[in-house]
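K.L.:
Take a look at the following structure, please.
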Amino acid sequence: MKSLLEAGVHFGHQKKYWNPKMQKYIFTHRNGVHIIDLQQSIGMIEDAANFLSQVAFEGKKILMVGTKKQAQDVIVNEAERSSSMYISNRWLGGTLTNFQTIKKRIAHLISLENQRDNGDFEVLTKRESLKIDEKIEKLNRNLAGIKDMEEMPGAIFIIDVAKEEIAVTESIKVGIPIVALVDSDSNPELVDYPMPGNDDAIRSIRLITSRMADAIIEGRTRRESSDNDFTQSIDSPERMVTYSTSTAEELEQEAQDAVSEPELPINTSEAANEIETQEINETENK
């Protein structure tokens, strides 16, 4: 709760810009600005993280989208850290609904880069070579983060569903689950896993995106560990024999040892009270 407050996740938009469908996620308002209920946000953030972790565990790729200025660098950094795909400059219409055309553009970009790297353009004039470099740069601005997208992503993570309306529409049309940071001016009903929160402040965007990236990494790590365990069980008959010859008493003791202490509920009352006194500094320009 404290980290969410410090990042300003609870600050929504001015009341006049709100979407009524966000009503149930609004805690109160201060100086004409909606304050988002972080008690609900916490649970929904974890639900979203668990979902993305499972998608990664299943071996599927996640596409991270954030083209607004505040989100661009965060999206690129966290997507690269979690080995996810990303779009940070501009969503090209048909990225999902006309995927075959996008694949042709990607193939063209890769072909140009390979020819350049192999020195095929050295025979061209300086002007011709410069034009090709500019073309490669332009294609990379929109396609660099999805060069490896050979098939549809298993899920899409979006910053600001209002701005990324086309991405949301295409995802719904092709049936890709949507995880998104949803501010008070947006429609949460368009999203499978909405996370009510500030989608304008860089600190808020970074905190939520980082949490999603951590979840993706965790899911992929579990998958790799599971694959390794399976391989070892096949390659190590001694290990299998040892397990199969365990006595009933030993197995029962192992089961008892595996039971962990129940986690205590987090006391968030003190942090929740901070909402009443938090100064609204970042919202004047929203």
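The values are calculated or read from the model by the stated rules, or taken from the named source; none is laboratory data. In this text the structure is predicted, and so the values were computed from the model without any measurement. So basically every Cβ, Gly included, is an ideal-geometry build from the backbone, and we count neighbours across all protein chains shown.
K.L.:
Among the listed residues Phe57, Phe121, which satisfies the condition of being among the aromatic types (Phe, Trp, Tyr), modelled with pLDDT under 95, on the phi < 0 side of the Ramachandran plot and out of contact with any Cys (no Cβ under 8 Å at 6 or more places or on another chain)?
P.N.:
Phe121
K.L.:
Would you point out the residue of region 196-205, among those that are of a type in the set (D, E, K, R) and crowded, with 18+ Cβ neighbours inside 10 Å, that is nearest to Met44 (Cα to Cα)?
P.N.:
Asp199
K.L.:
Before we move on, is Asn89 without any contact (Cβ under 8 Å) to a residue 60 or more places away in the chain and not in a helix (DSSP H, G or I)?
P.N.:
Values: without any contact (Cβ under 8 Å) to a residue 60 or more places away in the chain: yes; not in a helix (DSSP H, G or I): yes.
It is true that Asn89 is without any contact (Cβ under 8 Å) to a residue 60 or more places away in the chain and not in a helix (DSSP H, G or I).
K.L.:
Taking the conditions exactly as written (at pLDDT 95 or above and loosely packed, with under 15 Cβ neighbours inside 10 Å), does Gly32 satisfy them or not?
P.N.:
It is false that Gly32 is at pLDDT 95 or above and loosely packed, with under 15 Cβ neighbours inside 10 Å.
K.L.:
Look at Gln100 and say whether it is within 18 Å of Ile166 (Cα to Cα), within 17 Å of the chain's Cα centre (by Cα) and polar (S, T, N, Q). Can you show your working first?
P.N.:
Working: within 18 Å of Ile166 (Cα to Cα): yes; within 17 Å of the chain's Cα centre (by Cα): no; polar (S, T, N, Q): yes.
No: the conditions fail for Gln100.
K.L.:
Hey, which of the strands (runs of 3 or more DSSP E) in region 4-53, taking only ones fully inside, have at least 1 residues that are out of contact with any helix residue (DSSP H, G or I) (no Cβ under 8 Å at 6 or more places or on another chain)?
P.N.:
Hits in region 4-53: 11-14, 26-30.
K.L.:
Now for a separate question. For Ile62, which of the numbered conditions (1) over 22 Å from the mean Cα position of the chain (by Cα); (2) closer than 21 Å to Glu164 by Cβ fails to hold?
P.N.:
Of the numbered conditions (1) over 22 Å from the mean Cα position of the chain (by Cα); (2) closer than 21 Å to Glu164 by Cβ, the odd one out for Ile62 is (1).
K.L.:
Kindly provide the set of residues from region 95-108 that are surrounded by 14 or more Cβ atoms within 10 Å (Cβ to Cβ) and under 19 Å from Ile176 (Cα atoms), ordered by number.
P.N.:
Within region 95-108, Thr95, Leu96, Thr97, Phe99, Ile102, Lys103 meet the criteria.
K.L.:
Could I ask something else about it? Residue check, Pro188 against (1) out of contact with any strand residue (DSSP E or B) (no Cβ under 8 Å at 6 or more places or on another chain); (2) farther than 15 Å from Val65 by Cα; (3) touching a residue at least 60 places away in the same chain (Cβ under 8 Å), all met but one. Which one?
P.N.:
Checking Pro188 against (1) out of contact with any strand residue (DSSP E or B) (no Cβ under 8 Å at 6 or more places or on another chain); (2) farther than 15 Å from Val65 by Cα; (3) touching a residue at least 60 places away in the same chain (Cβ under 8 Å), the one that fails is (1).
One line per residue, one yes/no per condition, for (1) touching a residue at least 40 places away in the same chain (Cβ under 8 Å); (2) of a type in the set (Gly, Ala, Ser); (3) within 29 Å of Ile217 (Cα to Cα):
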residue: Asn77; (1), (2), (3): no, no, yes
residue: Ser111; (1), (2), (3): no, yes, no
residue: Asn114; (1), (2), (3): no, no, no
residue: Phe121; (1), (2), (3): no, no, no
residue: Leu124; (1), (2), (3): no, no, no
residue: Gly145; (1), (2), (3): yes, yes, yes
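K.L.:
Can I ask one more? Which one of these is under 28 Å from Asp227 (Cβ atoms) and either surrounded by fewer than 18 Cβ atoms within 10 Å (Cβ to Cβ) or not charged (D, E, K, R) (or both): Ser84, Ser88, Ser111?
P.N.:
Working: Ser88 fails: under 28 Å from Asp227 (Cβ atoms); Ser111 fails: under 28 Å from Asp227 (Cβ atoms).
Just one listed residue meets the conditions, Ser84.
K.L.:
Now for a separate question. Which residue pairs have Cβ atoms under 7 Å apart, sit 6 or more places apart or on different chains, and have a first residue in region 153-175 that is without any contact (Cβ under 8 Å) to a residue 40 or more places away in the chain and surrounded by 20 or more Cβ atoms within 10 Å (Cβ to Cβ) and a second that is in a helix (DSSP H, G or I) and of a type outside the set (Asp, Glu)?
P.N.:
Sorted first by the residue in region 153-175, then by its partner, the pairs are Val161/Val168; Val161/Leu190; Val168/Leu190.
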